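Contents: one structure, followed by commentary.
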Amino acid sequence: MKRLFSILLISVVSLSVYSQKSTTDKADKMFKQRAYLEAAALYKASGLESQSLLQNLGDCYYYNNQMNDAANTYEKLFKKYKAEEIDPAYLFRFSQALKGIKNYARYDELLKKNNGSQESIAKVLADLNENLNFEFQIKNLRYNLEGANFGINYFGDKLIFATSSNNNRPAYLWNNRPYLDLITATLKNENELVNFELLSDKINTNTHESSAVLTRDGKTLYFSRTGKKKIKVGDLKVANVKLFKAELVEGKWANVVALPFTSDYYSTQHPALSQDESKLYFSSDMPGSIGSFDIFEVDINKDGTFGTPKNLGSAINTNEREQFPFISKDNTLYFSSAGFVGYGGLDLFYSKYEEGEYKAPVNLGETINSGLDDFAIIIDEDSNRGYFSSDRDGIDKLYSLTRMERKLENVIVKGTVKDLFKGSVVPGALVTALNDKNEVIASQTADENGQYRLSVPNDAKYTLKSEYKGYNIQERPLVIDNTYESHKPLDILLEPVNTSPKFKTENFVRGTVKSLKSGEPLLGTLVSLYDDKGILMESKPVDERGRYYFDLEPNSNYSVTAHKEGFEVFSKKFVIDDKENKNLSYDILLAPFKERSGEDVVDFTIPNILFDFDKSNIRPDAEVIMKKVVAYMKEKIDLKIEIAGHTDAYGYDEYNIRLSQRRANSAADYLIKDGIDKNRINTSYFGEKLPLNGCVKEYVCTKEEYQANRRCELRLVK
């Protein structure tokens, strides 16, 4: 009897194990097909908690924005199995799920344990709102449609978006809702959509169509469509998304074709047009992507062909998703990202276009971003009204927005003080903001983590001064205006005081030349010392650590300049006496050279004026040019002129700096003698550093090629 009971027990256990395996096998199959809801039910029914099962189950919940269930499942995963044996992607999704349900205490604990992070996410998120000069009022758009609705865009005098409300479409396994169609609507009473109309079957098919943008003439439509061909990626088979173009022919959509840079092997989606419609922006995981999805741009040529897609780079793209670009009237890029610091899921960001590039993105803040996905924003900069999408209520919905100005009395300036060479933090360093009268506006000692935080009045210019025993004093300009990137920490890199070189006297100046942008030493910079009459006393390049130093005489006035290709010329005056100011430790921070905008540069071409070998006098041929410049400047009294002196490669660097200065001064003196106010003239001098050709050393070029470099360049600016 006992033996029979044992046999029965073994049989029951075997059947149970077989049943569980059958269930998990089926669940794995559904997971590979991205039928996440069905897979989740089967995984849960199995009662098993293997590592792979918990990972998949957590993902099933995560990808359907069931963040409570996702967080609980990932919690089991990280408690039961060692973190070092789990792919970091699950740590990221776990942290995102915790932010989504606002369990910030557990989020901090998780990242501290796994990454050593000491930051409080609640404080970090609060900091995102500190310097925002606007906030949003949002409302649910009213519309009588079922399912998910998202990705709204302007469509002439209508609006267009994606909807899963068309029950004539087959169900999508991911969420068991109908495949997406593109639908148009008109706006009623500012916050209600009516008169819905699905686009024709030339556009809408039995797969997903979404994210459409219409050209201003209403004749060309760009949109996303999921491909029919499935490609194996790892263990999964996926149908990638392609960008399509359709043309309006006699009132009907026709000539629907995939764009030439699309592929079955990667996705291209979420099209957006630049204001002049010469560029198309989109999101893709194509080769050359930094993360899972990046923002790209591609030229639309006048003949309708396309250029080569270009990644917008690491300023915009991260290792995570960047999607749903939109370009506003002032060329601001709006997009969604899961890679920058945010509130959870996809957050909405903007990036200003300045000096030919998009600047570091700014989170749009807590008045519009939630703990789940917020995406596909469009905005009219003139009216400050627009729309966006969010799944904060458990399903993708459309929202309207109104952007309102938020007057900031003060701006927070913060960062970390670090040792320039070791990278270690410098606790106790004093950081002070001084106004133009050298008065202290705000001051703080860096905490145990080297962090400082100053509150300064908005719209003003300051000097940020940093000092600590054993380090050179550092001063840097700080301008708080609408270009100030307040969301970026302003880290300070202090250079330790170096006892060498041995100075000949107790009076000297020393420091390090650094990039204003990165704080890193700028090797190859030429630093020059002048007396109070502007006569060059000494000129030499920085050493291997970017340092400079000069011996001085007491009770004298001096100035130093720093020249480096690609950077603005720097100049500073200072006084040395035999009492309190016997010496000066001063770090020079060079700003990258900014190309003049078309509005600043005057369309009046001035040929270079040339000089004889080792001479600085104005030659007769140069005098002809200078007379024309004088006449033009007397006519256009609002103009200034920039004069840059240069030499050939013959002679020592220090001598050539002096020679290029004499040439620039000679040109300036000519203008002044002919009645041009000296305040309208700026001079700079570069020696042999910026040749117009490859003549970078002696005896390698023709006489004519060397002659071309003995010049002054003149440019008129407003």
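The values are calculated or read from the model by the stated rules, or taken from the named source; none is laboratory data. From a predicted model like this one, the values you see are computed outputs, not experimental measurements. A quick note on method: Cβ atoms are made from the backbone with ideal geometry, for glycine too, and the neighbour counts reach across all protein chains shown. All accessible areas refer to the heavy atoms of the entire protein, side chains included, with ligands and DNA or RNA removed. Shrake-Rupley method; radii C 1.70, N 1.55, O 1.52, S 1.80 Å.
Is the range 222-236 home to any residue that is buried (at least 19 other Cβ atoms within 10 Å of the Cβ), in contact (Cβ under 8 Å) with a residue 60 or more places away in the chain, part of a strand (DSSP E or B) and hydrophobic (A, V, I, L, M, F, W, C)? No, the range 222-236 contains no residue that is buried (at least 19 other Cβ atoms within 10 Å of the Cβ), in contact (Cβ under 8 Å) with a residue 60 or more places away in the chain, part of a strand (DSSP E or B) and hydrophobic (A, V, I, L, M, F, W, C).
Inspect all residues belonging to the range 238-259 and state whether any of them is in a loop (DSSP other than H, G, I, E, B) and modelled with pLDDT of 95 or more. Within the range 238-259 (the criterion being in a loop (DSSP other than H, G, I, E, B) and modelled with pLDDT of 95 or more), the answer is yes, since at least one residue qualifies. Scanning the range 311-328 for residues that are more than 12 Å from the chain's Cα centre (by Cα), among the polar types (S, T, N, Q) and not in a strand (DSSP E or B) returns Asn319, Ser328.
With respect to the conditions (1) within 28 Å of Pro271 (Cβ to Cβ); (2) assigned to a helix (DSSP H, G or I); (3) not basic (Lys, Arg), Leu91 lacks only one, and its number is (1). Taking the range 338-405 and the strands (runs of 3 or more DSSP E) fully enclosed by it, the elements with 3 or more residues that are closer than 23 Å to Thr184 by Cβ and under 22 Å from the mean Cα position of the chain (by Cα) are at 374-380.
Selection of the range 642-655 for residues being touching a strand residue (DSSP E or B) at 6+ places or on another chain (Cβ under 8 Å), outside any helix (DSSP H, G or I) and at pLDDT below 90 yields Glu642, Ala644. What number of residues within the range 413-434 are open to solvent by 30 Å² or more (accessible area, probe 1.4 Å), on the phi < 0 side of the Ramachandran plot and either in a strand (DSSP E or B) or not hydrophobic (A, V, I, L, M, F, W, C) (or both)? Selection size over the range 413-434: 7.
Hey, among Lys112, Lys99, which residue is in a helix (DSSP H, G or I), in contact (Cβ under 8 Å) with a residue 60 or more places away in the chain and either among the charged types (D, E, K, R) or in contact with a Pro (Cβ under 6 Å, 6 or more places away or on another chain) (or both)? Step by step, each of Lys112, Lys99 is checked, and only Lys99 is in a helix (DSSP H, G or I), in contact (Cβ under 8 Å) with a residue 60 or more places away in the chain and either among the charged types (D, E, K, R) or in contact with a Pro (Cβ under 6 Å, 6 or more places away or on another chain) (or both). Of all the listed residues (Val717, Val696), the sole one being surrounded by fewer than 16 Cβ atoms within 10 Å (Cβ to Cβ), touching a residue at least 12 places away in the same chain (Cβ under 8 Å) and under 21 Å from Thr561 (Cβ atoms) is Val717.
For the range 315-325, the criterion of a residue being surrounded by 15 or more Cβ atoms within 10 Å (Cβ to Cβ) and acidic (Asp, Glu) is satisfied by at least one position. Screening the range 666-693 for residues that are among the β-branched types (Val, Ile, Thr) and either touching a residue at least 60 places away in the same chain (Cβ under 8 Å) or assigned to a strand (DSSP E or B) (or both) and picking the one that is nearest to Tyr650 (Cα to Cα) gives Thr683. Of all residues in the range 56-82, exactly one satisfies the criterion of being at pLDDT 90 or above, more than 34 Å from the chain's Cα centre (by Cα) and more than 18 Å from Ser46 (Cβ to Cβ), namely Lys79. Looking only at the range 435-452, decide whether some residue is in a strand (DSSP E or B), closer than 25 Å to Leu125 by Cα, of a type outside the set (Val, Ile, Thr) and touching a helix residue (DSSP H, G or I) at 6+ places or on another chain (Cβ under 9 Å). No, the range 435-452 contains no residue that is in a strand (DSSP E or B), closer than 25 Å to Leu125 by Cα, of a type outside the set (Val, Ile, Thr) and touching a helix residue (DSSP H, G or I) at 6+ places or on another chain (Cβ under 9 Å). Listed conditions (1) touching a residue at least 60 places away in the same chain (Cβ under 8 Å); (2) in a helix (DSSP H, G or I); (3) within 16 Å of Pro607 (Cα to Cα) are all met by Arg663, apart from (1). The residues listed here are Arg710, Arg619, Arg658; of these, the one that is of a type outside the set (A, V, I, L, M), closer than 28 Å to Val542 by Cβ and at pLDDT 90 or above is Arg710.
Across the range 675-693, which residue is surrounded by the fewest Cβ atoms within 10 Å (Cβ to Cβ) among those that are among the aliphatic types (A, V, I, L, M) and in contact with a helix residue (DSSP H, G or I) (Cβ under 6 Å, 6 or more places away or on another chain)? Among them, the one singled out is Leu692. Scanning the range 77-110 for residues that are open to solvent by less than 50 Å² (accessible area, probe 1.4 Å) and more than 15 Å from Gly342 (Cα to Cα) returns Leu77, Phe78, Ala83, Ile86, Ala89, Tyr90, Leu91, Arg106, Leu110.
Evaluated against (1) under 16 Å from the mean Cα position of the chain (by Cα); (2) crowded, with 22+ Cβ neighbours inside 10 Å; (3) among the polar types (S, T, N, Q); (4) more than 29 Å from Ser120 (Cα to Cα), Asn331 falls short on exactly one condition, (2). Taking the range 518-579 as the region of interest, the strands (runs of 3 or more DSSP E) fully inside it that hold 1 or more residues being within 35 Å of the chain's Cα centre (by Cα) and loosely packed, with under 15 Cβ neighbours inside 10 Å are 570-576.
Among the residues of the range 635-674, the ones that are open to solvent by less than 10 Å² (accessible area, probe 1.4 Å), under 19 Å from Ala708 (Cα atoms), in contact with a helix residue (DSSP H, G or I) (Cβ under 9 Å, 6 or more places away or on another chain) and among the aliphatic types (A, V, I, L, M) come to 3 in all.
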